[in-house]
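Peer 1: Take a look at this one; I'll ask things after.
The values are calculated or read from the model by the stated rules, or taken from the named source; none is laboratory data. In this text the structure is predicted, and so the values were computed from the model without any measurement. Note: ideal-geometry Cβ built from the backbone for every residue, glycine included; neighbour counts use all protein chains shown. Protein only, heavy atoms only, side chains kept; ligands, DNA and RNA dropped before computing areas. Shrake-Rupley method; radii C 1.70, N 1.55, O 1.52, S 1.80 Å.
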Amino acid sequence: SRREYSPASYDISPDGLEVAFSADTDRVGNWPNHEIIVLAACGCKPPRNVTEGNPGDDFDPLYSPDGRWLAFLQQKIPTFYGDRARLLLLDRAQGGVRDLSGDWDRSASGLSWRPDSKALYGSIDDAATNRVWRFDLAAPGKPKAVTAASSFSGLAVARSGGAAPAAVAIRQGFVEPPTLVRLELGKGTATALSSFNDATLAAIRQGKVESVTYKGARNDDIQMWVVYPPDFDPSKRYPALMLLHGGPHNGIQDA
């Protein structure tokens, strides 16, 4: 299989009566196809493939706190790792599937439910940053950015807090090593919780980091990071190191 299994490969329903997991259902051996399989925890019912018919991969199942929905990610193009990962919702009672991504041209990832089951949050590769986005069930196809600067991962949303809960996450940037933070999802502000790198960082002279956009082929905007030497003097000449990323399905993040 080309898809690695991890803790995100399965989830347990809130009532403990069902398990959902992603598994390669290919029987030939040369065309991997991961599907979402649900299985009664009692082992008294046969497993069900709830994504059968999609030739691409279905993965990362996640039950809503109220137990109504089973969220998962879906790619349409077989064997293509860079295909857009859409966020879908399976209505466990009615059996219908909703698409929360719509025409949004990013891949959903790193998902966590809001405690009221009305939205999901994800840490998503976007504009050279691993940014936190919110997917509201009432507004399919219209995700909203929660954070702007720095990159966030390991998102874990609190089990209380209504429409504006807090979360813990790992924040990092070019001048900040991975730091545990409390993230206010309503405002997008973060407060550092870990400090064991502070003394070391205080003794290091950092260079300024700047995001620059220039025109490329077909007059498209191309983004580039510039990391200046410490104590940069614009009147002097410096050697430059160019790090060229081949892409095209992700970028060099502020991380």
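Peer 1: Classify the stretch 146-255 from the C-alpha gyration tensor, please: rounded if a/c falls under 1.5, else prolate or oblate depending on whether a/b exceeds b/c.
Peer 2: Oblate shape, in that a/c is at least 1.5 and b/c is the bigger or equal ratio.
Peer 1: Compute the accessible area per residue over the stretch 121-255, keeping the other protein chains in place, probe 1.4 Å, unit Å².
Peer 2: 63
Peer 1: Grab the other residues whose beta carbon is less than 15 angstrom from that of L193, score K and R as +1, D and E as -1, and report the net.
Peer 2: Result for the neighbourhood of L193: -1.
Peer 1: So if I take the centroid of the Cα atoms in the stretch 94-143 and the same for the stretch 66-87, what is the distance between those two points in Å?
Peer 2: 11
Peer 1: Right, another one. Run through the stretch 21-107 and list the trypsin sites (Lys or Arg not before Pro) located in a DSSP loop whose Cβ has at most 13 other Cβ atoms within 10 Å.
Peer 2: R27, K76
Peer 1: Report the Stokes-Einstein translational diffusion coefficient (µm² s⁻¹, integer) for the chain, Rh taken as the Kirkwood radius over Cα pairs, at 20 °C with viscosity 1.002 mPa s.
Peer 2: 105
Peer 1: In square angstrom, rounded to the nearest 10, how much accessible surface does L185 have for a 1.4 Å probe?
Peer 2: Here the residue's solvent-accessible area equals roughly 0 Å².
Peer 1: Same structure, new question: Which of the three applies to the stretch 133-183, rounded, prolate or oblate, going by the alpha-carbon gyration tensor with a ≥ b ≥ c and a/c under 1.5 meaning rounded?
Peer 2: oblate
Peer 1: Ranking request for peptides 54-61, 219-226: highest mean number of other beta-carbon atoms within 10 Å first, then the rest in descending order.
Peer 2: 54-61, 219-226
Peer 1: Report the far tail of the P(r) of the stretch 86-168, meaning the percent of Cα-Cα pairs longer than 20 Å.
Peer 2: 32
Peer 1: Below 8 Å, C-alpha to C-alpha, sequence gap of six or more: please give me the relative contact order for the stretch 107-231 in percent.
Peer 2: Relative contact order comes out at 15 percent.
Peer 1: What does the convex hull of the Cα atoms come to per residue for the stretch 80-227, in Å³?
Peer 2: Normalising the Cα hull of the stretch 80-227 by residue number yields 148 Å³.
Peer 1: So, with a 1.4 angstrom probe, what is the percent of accessible area on the stretch 97-255 that is carbon and sulfur?
Peer 2: 53
Peer 1: Suppose all protein chains stay in the model; what accessible area per residue would a 1.4 Å probe give for the stretch 27-101, in Å²?
Peer 2: Per residue, the stretch 27-101 has 50 Å² of solvent-accessible surface.
Peer 1: At what distance in nm do the modelled label points of A163 and E4 sit from each other, each positioned 7 Å from its Cα along Cα→Cβ?
Peer 2: Using points 7 Å along Cα→Cβ, the separation is 3.9 nm.
Peer 1: Could you tell me which of rounded, prolate or oblate describes the stretch 23-140, using a ≥ b ≥ c as the square roots of the eigenvalues of the alpha-carbon gyration tensor, with rounded for a/c under 1.5 and, failing that, prolate when a/b is larger than b/c and oblate otherwise?
Peer 2: It is oblate, given that a/c is not under 1.5 and a/b is not larger than b/c.
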